[in-house]
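Okay, so here's the structure we're looking at.
The values are calculated or read from the model by the stated rules, or taken from the named source; none is laboratory data. Everything numeric in this text was worked out from a predicted model, so none of it was measured. Every residue, glycine among them, receives a Cβ derived from its backbone with ideal geometry; neighbour counts consider all protein chains shown.
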Amino acid sequence: MTIQHIDELFVLDGADFVSAAYRTLLGREPDPHGLTFYLGRLARGYDKAEIIVNLSTAPEARNVSSIRGVDHLIAEHRRSQHWFWGWFGRRRRIERSIRQIAQASAHVHASIQQLSKALHARQENLQHMAPAPLQHGAATQAIVVQRLSADEVRQAFIDVLGREPENSDVIAHHANFESPQQLRTALMRSVEFRNKAEGEHAKFLLGHLCQAFNNKQYTLGV
């Protein structure tokens, strides 16, 4: 294979490239040492242009000028060795690397957004599939067996909190306790009772509670 233009070397790879470069620029096959040396450089990321320039400027190079594109390649290589063009080339490589990193980051960000949307849609589907929670209302209360009467609930509120229950729903809810003693114990553990016990109303409330317990012989559940 006769190389007419230097670009014909660039389309070759590996040992084919090194062998063709030797035959074209030095007029011989590569020796084992030279073949291994330049294959190693290619594996480490060296440019093919640098290898071509090295062979073209070697003492044994022959008829280099007859191959189109070699002189231009050598001139470009020498210009790149100048400090200014070297700095300019490094700056262009850095800018290209920054653009590549930005593109990769944008791709990762888009992938994360797609994953987030998929997880959100999955969560919504699971919520639609989950059974609806029981609603507190008249229908639910109709099937609940109330153990205490409304008067017992009102009296427990008065004895412990010093007030009436807010409404019929509160009465129905507290009527599910097994006994008035258990309801009073629960009310005494409430935040409202603790707040009142810390205020000016504490002595009156506790005295009224003790009197109610003594008269009615209630015992606090544990």
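Worth a mention:
- Selection status of PHE88, surrounded by 11 or more Cβ atoms within 10 Å (Cβ to Cβ), part of a helix (DSSP H, G or I) and modelled with pLDDT under 75: yes
- Scanning region 19-47 for residues that are surrounded by 19 or more Cβ atoms within 10 Å (Cβ to Cβ) and farther than 16 Å from ILE67 by Cα, we see that the one that is modelled with the lowest pLDDT is PRO30.
- Selection of helices (runs of 4 or more DSSP H) fully inside region 1-62 by the criterion of at least 2 residues being under 21 Å from ALA75 (Cβ atoms) and in contact with a helix residue (DSSP H, G or I) (Cβ under 7 Å, 6 or more places away or on another chain) returns 7-10, 14-25, 48-56.
- Count - residues of region 148-160 that are in contact with a helix residue (DSSP H, G or I) (Cβ under 9 Å, 6 or more places away or on another chain) and either polar (S, T, N, Q) or surrounded by fewer than 19 Cβ atoms within 10 Å (Cβ to Cβ) (or both): 5
- Subset of region 117-157 that is modelled with pLDDT under 55, in a helix (DSSP H, G or I) and out of contact with any Leu (no Cβ under 7 Å at 6 or more places or on another chain) - its residue that is nearest to ARG189 (Cα to Cα): GLN141
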